[in-house]
Amino acid sequence: MKNTALTHIHDTLGAKLVPFAGYNMPVQYEGVNAEHETVRNGVGVFDVSHMGEFFLKGENALALIQKITSNDASKLTPGKAQYSCMPNADGGIVDDLIIYMISENEYMLVVNASNIEKDWNWISKHNDLGVEIENRSEEWSLLAIQGPKAAEAMQSLTSVNLSTIKFYTFEITDFAGLPNVVVSATGYTGSGGFEIYVKNEDVEAVWNKVFEAGADWGIKPIGLAARDTLRLEMGYCLYGNDIDDTTSPIEAGLGWITKFTKDFVNAEALKKQKAEGVTRKLVAFELTERGIPRQGYDLVDTDGNVIGNVTSGTMSPSLSKGIGLGYVTIANSKVDSEIFVQIRKKQVAAKVVKLPFYKG
């Protein structure tokens, strides 16, 4: 197991550490519900340094990104970020990622920790355009400072006005005494905040300054378990659960990041799928009876026929009810459709709902 540059701090703070994507990661500190609440109403900090960072440079950098990703990266300007995915040749997804345009001909791709090697090989395989690509995942740390009080709490650490950094834009600016830090208004919680990219050797000092600056706002460290409940309340897909090598972006409700105004890997097949329709669809559902849906549980119809399966599920801390995502047949995918979750021997009633679960 690898450690992040902050693992020893999490250990000292009494975090429960678990193996995740090859790293020892803090899953919780004081408890999932309390940490979830901290981010929804205040400000919390996640160490997500296990994520991967690739840097692409050269006059064909955009052309390579356009070829391997489904969204239209030509819409980016320096200081803007974009959510996208890399389709594979078989109708599935290699990974979902965020593309940052640093300057003309220079981009940073942030990929999922568990897919770093797979993504690197995939991008390298398609790089017949002479683009300079660097995998700096081992050198960089990433702090996600999330919650409605994040801008206020962190303002003393930077000269840029944090409240003016719009969602999915970023600044390369001073932060916590360091120059040229990427401060990005992205995150995975739906409660606002920033992601801070710094070198491994600097992150401990930055972590300490972040906690000093945020003390008056009740800042706390937050584990990956609360990150999962927060993202699920927003209906954000998690790679390996809701999307993977076998799920198409059209089935997963990611048509909005699949732009057929350009050519990309497997575009023709996905275009055909969009035109002809799919046989299953990722839906959000809420339990209307007591119970907690878990990944892998069957979803069944009123006659007990299996119509799909749960890909992500939890007891929502904000809503105090069981919520989940799962693939179901098209006939059962409309909002308000009644479906059932097979929890052990019991079929627990649920209904298909619109996202997000948590409206804020």
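Just so you know, all these numbers are worked out from the coordinates, no wet-lab data involved. Computed from a predicted structure; not experimentally measured. Cβ placement follows ideal geometry from the backbone for every residue including glycine, while neighbour counts extend to all protein chains displayed.
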Order the peptides 145-156, 52-63 from the highest to the lowest mean number of other Cβ atoms within 10 Å of their residues. 145-156, 52-63
Calculated diffusion of segment 241-356, Stokes-Einstein form, Kirkwood radius summed over Cα pairs, 4 °C and 1.567 mPa s, µm²/s: 88
Of K80/K272; K75/K271; K259/K351; K271/K351, which ones are farther than 26 Å apart at the Cα? K80/K272; K259/K351; K271/K351
Using only Cα positions of the chain, each an equal point scatterer, no hydration layer, compute I(q)/I(0) via Debye at q = 0.07, 0.13, 0.14 Å⁻¹ and quote the log10 values to two decimals. -0.31, -1.08, -1.23
Any idea what the dipole of segment 279-360 comes to, in debye rounded to 20, about its Cα centre with Lys/Arg Cβ at +1 and Asp/Glu Cβ at -1? 220
Working from the pairwise distances between different alpha carbons, so that the mean of 1/r is found and then inverted, what is segment 1-71's Kirkwood radius in Å? 14.9
Rounded to the nearest 20 Debye, what is the dipole magnitude of the chain about its Cα centre when Lys and Arg each give +1 and Asp and Glu each give -1 at the C-beta? 1160
q = 0.13, 0.16, 0.17, 0.20 Å⁻¹: log10 I(q)/I(0) that the Debye formula gives for segment 52-133, counting C-alpha atoms only: -0.33, -0.51, -0.59, -0.83
Of the peptides 297-306, 107-116, how do they stack up when ordered by the mean number of other Cβ atoms within 10 Å, highest first? 107-116, 297-306
Using just the helices of the chain, give the 222 nm mean residue ellipticity in deg cm²/dmol: DSSP H runs with n ≥ 4 each add -39,500 (n - 2.57), and the total is spread over all residues, rounded to 500. -6000 deg cm²/dmol
Any of K118/K199; K274/K334; K281/K334; K125/K274 with alpha carbons more than 19 Å apart? Name them for me. K118/K199; K125/K274
